[in-house]
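Notes for the one structure printed next.
The values are calculated or read from the model by the stated rules, or taken from the named source; none is laboratory data. Owing to the predicted nature of the structure, the values given are computational and were not obtained by experimental measurement. Note: ideal-geometry Cβ built from the backbone for every residue, glycine included; neighbour counts use all protein chains shown. Ligands, DNA and RNA are excluded from the accessible area calculation, which covers all protein heavy atoms including side chains. Shrake-Rupley method; radii C 1.70, N 1.55, O 1.52, S 1.80 Å.
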Amino acid sequence: MESHYTADSCAEYLSKFYILPHTYKSSLIMGVFVPILFSIAFIVPTTLAALLELLDYRHHPNAHQHIGLSIGSLCALVFSGCFVLLSLMWRKTVITRHSIDITLTLSKTNIPANTVLGYAVDSIRQSKGPSGTRLSIVHQAAGKQQTKTPFAYDPDDLNDPKLRGLFMSMSNYGDVPLTELLDDASNDKYPRLEKIVLAGFVLLTSWILWFCLPLIHHAVEQLGSIANSTT
């Protein structure tokens, strides 16, 4: 199923089959639900830790002023953290007849079709947990080094004949055969894994909320008492 076309085969393929732009996005689970749950799992403990630290100012002579500044700092931290974490939802790839535009977390890469050398399916080995694979576009602009840019997509997109044909028209620069990736997609392996990841985040977030929310409520009440006593 692998092929050995020349480097300009990508440009030829796009000009023939991607006359109209097509967008591929991360799945709803990995692009929306998991980032939101991850944000909650980050925000709630951070808020609790900050509130507990604020309580240390209760005996400070200028407690009201210190609490106000600390709350402002906490809001800035939470806002910036949410912005970075929720930016995971913006992962997408737009393929046109002239280029492949890949938007990842806080970055966007425009890859002209005539600079695409191929793709790479690389194995990701982990010391703990199952190993995985990463699909990237391999490209090289004139005078620059060869680069691999991760391809943002929903695993179900690999069942799209047009997208399959794009990868089959190029050479694989990775260490995993394309057939392995496509077979896993055909067998619905990735949706099952995503559901397991989602279930894990649901359990983790539920435990964090159950443990932290009562403590946050109690800390807010104490801070309110301190604020009232200093006015």
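Residue-by-condition table, conditions (1) of a type in the set (A, V, I, L, M); (2) touching a helix residue (DSSP H, G or I) at 6+ places or on another chain (Cβ under 9 Å); (3) open to solvent by 30 Å² or more (accessible area, probe 1.4 Å):
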site	(1), (2), (3)
CYS10	no, yes, no
SER15	no, yes, yes
ILE19	yes, no, yes
THR23	no, no, yes
GLY31	no, yes, no
ALA41	yes, yes, no
PRO45	no, yes, yes
ALA50	yes, yes, no
Exactly one of (1) part of a helix (DSSP H, G or I); (2) open to solvent by 30 Å² or more (accessible area, probe 1.4 Å); (3) at pLDDT below 85 is unmet by PRO61. Its number? (1)
Can LEU209 be described as aliphatic (A, V, I, L, M), open to solvent by less than 40 Å² (accessible area, probe 1.4 Å) and touching a residue at least 12 places away in the same chain (Cβ under 8 Å)? no
Name the residues in segment 88-111 that are in contact with a strand residue (DSSP E or B) (Cβ under 8 Å, 6 or more places away or on another chain) and open to solvent by 50 Å² or more (accessible area, probe 1.4 Å), would you? TRP90, ARG91, LYS92, HIS98, LYS108, ASN110
The one condition in (1) more than 14 Å from ILE111 (Cβ to Cβ); (2) open to solvent by 50 Å² or more (accessible area, probe 1.4 Å) that GLY132 fails to fulfil: (2)
Looking at segment 146-175, which of its residues are open to solvent by less than 50 Å² (accessible area, probe 1.4 Å) and farther than 21 Å from ARG91 by Cβ? GLY165, SER169, MET170, SER171, ASN172
Criterion first (under 23 Å from the mean Cα position of the chain (by Cα) and of a type in the set (Gly, Ala, Ser)) does GLY174 satisfy it? yes
